[in-house]
Amino acid sequence: AVRSARARANEPPPGPLARFAALFDGGGAVEAAAAEAVARRSRYWRGFALALVRGMVGSVAAVHAAGLVHRSIGPACFGVSTLDEREAATLRVRLDNLGFSLVAAQAAEDELLVRRCAIARAERREPPDTARPPSSAELVALVERDDLRQTGYAVLEVLLKASEVHCDTAPLAPTASAGGTPQAAAVAAAAPPPPAAADGRDWQALLRRLVEDVYDGDILRFREYCAAEPRWREAVALLDLDGGDGGAGTAEDGRLGGGWRLLGELLSDGSDAQAIALAASGGELCLANEIVQRCEWLRLRL
């Protein structure tokens, strides 16, 4: 029974001392110690992963608050440092690679951006008005929306890749939010292979295809797809946590966790016409800070 349980958990065989101890307690202590080790490693991973996401979104908000838009955000743009690798609270994240950034006050000088705004106006079927140039709020809203979407895909790629590394070095253990339902299996079978299985291909392009083309922006269905991939179980479990009651929301009960809701905000309708429509609803470059302030999931302490 001990041997079969260990095989199901995909754990390496215990050493001589552990086998000796198993003779006296039927293997209970060994199994309990292994389960506690897996749980401890999982808490450690989730704590640092959440701190990393908090720093990524926060650093984008800080750059926007300084009147800059980045315009080329990806995972490689974030620098990470820490004073103590055992404490997630010491993790510091900064946004680098500002070579393509734009000062918000100079947005009207970008001819491509002005032309893009004109096309977006046409999509909204606005009457042509050559006498009125695009407002600063409209121009900034376009690149602000770009930054948020790029941040969302960067967060998603980092979490999924980090989950793969964690699962490659840790024994498999079932989790309540792993999502191994028949519906999840059916969704995964109908979708493209995970980026991990697509050697040499661009993660960002594949994630965009999945979210925008395959699932048409439906984060609930995309979560089902991710839950069907065993190596992404830690990322799914982290995103399933809810900042309100500390529980987990899953596709089975139709309730998304706090992390998925954050991704939904970052990856929401990215059309230029939609960005312009919302430009007048708030101040310039405030969206990232508003998301940080109202997202309880980012304030979880694991």
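The values are calculated or read from the model by the stated rules, or taken from the named source; none is laboratory data. Everything numeric in this text was worked out from a predicted model, so none of it was measured. All Cβ positions, glycine included, derive from the backbone under ideal geometry; neighbour counts span all protein chains shown. Side chains are part of the model used for accessible areas, which takes the heavy atoms of the whole protein and leaves out ligands, DNA and RNA. Shrake-Rupley method; radii C 1.70, N 1.55, O 1.52, S 1.80 Å.
Restricting attention to the stretch 40-81, the residues being farther than 23 Å from residue 203 by Cβ and either in contact with a Phe, Trp or Tyr (Cβ under 9 Å, 6 or more places away or on another chain) or among the basic types (Lys, Arg) (or both) number 3. Counting only residues that are assigned to a loop (DSSP other than H, G, I, E, B), open to solvent by less than 100 Å² (accessible area, probe 1.4 Å) and in contact with a Lys or Arg (Cβ under 8 Å, 6 or more places away or on another chain), how many does the stretch 78-104 have? Number of matching residues: 2. Within the stretch 221-244, residues that are under 16 Å from residue 258 (Cα atoms) and of a type in the set (Phe, Trp, Tyr) reach partners that are part of a helix (DSSP H, G or I) and open to solvent by less than 10 Å² (accessible area, probe 1.4 Å) with beta carbons closer than 6 Å, at six or more positions or on different chains, in the pairs 222/211. Against the numbered list (1) touching a Lys or Arg at 6+ places or on another chain (Cβ under 7 Å); (2) at pLDDT 95 or above, residue 262 comes up short only at (1). For the condition open to solvent by less than 20 Å² (accessible area, probe 1.4 Å), modelled with pLDDT under 90 and more than 18 Å from residue 57 (Cα to Cα), residue 254 does not qualify. Can you find even one residue in the stretch 47-70 that is outside any helix (DSSP H, G or I) and buried (at least 21 other Cβ atoms within 10 Å of the Cβ)? Yes, because at least one residue in the stretch 47-70 is outside any helix (DSSP H, G or I) and buried (at least 21 other Cβ atoms within 10 Å of the Cβ). Quick one: would you say residue 269 is under 17 Å from the mean Cα position of the chain (by Cα) and modelled with pLDDT under 95? Spelling it out, residue 269 is indeed under 17 Å from the mean Cα position of the chain (by Cα) and modelled with pLDDT under 95.
Taking the stretch 163-244 as the region of interest, the helices (runs of 4 or more DSSP H) fully inside it that hold 1 or more residues being in contact with a Ser or Thr (Cβ under 7 Å, 6 or more places away or on another chain), at pLDDT 90 or above and open to solvent by 10 Å² or more (accessible area, probe 1.4 Å) are 233-240. Can residue 107 be described as more than 18 Å from the chain's Cα centre (by Cα), over 26 Å from residue 264 (Cβ atoms), surrounded by 16 or more Cβ atoms within 10 Å (Cβ to Cβ) and of a type outside the set (Ser, Thr, Tyr)? So residue 107 fits the description; yes.
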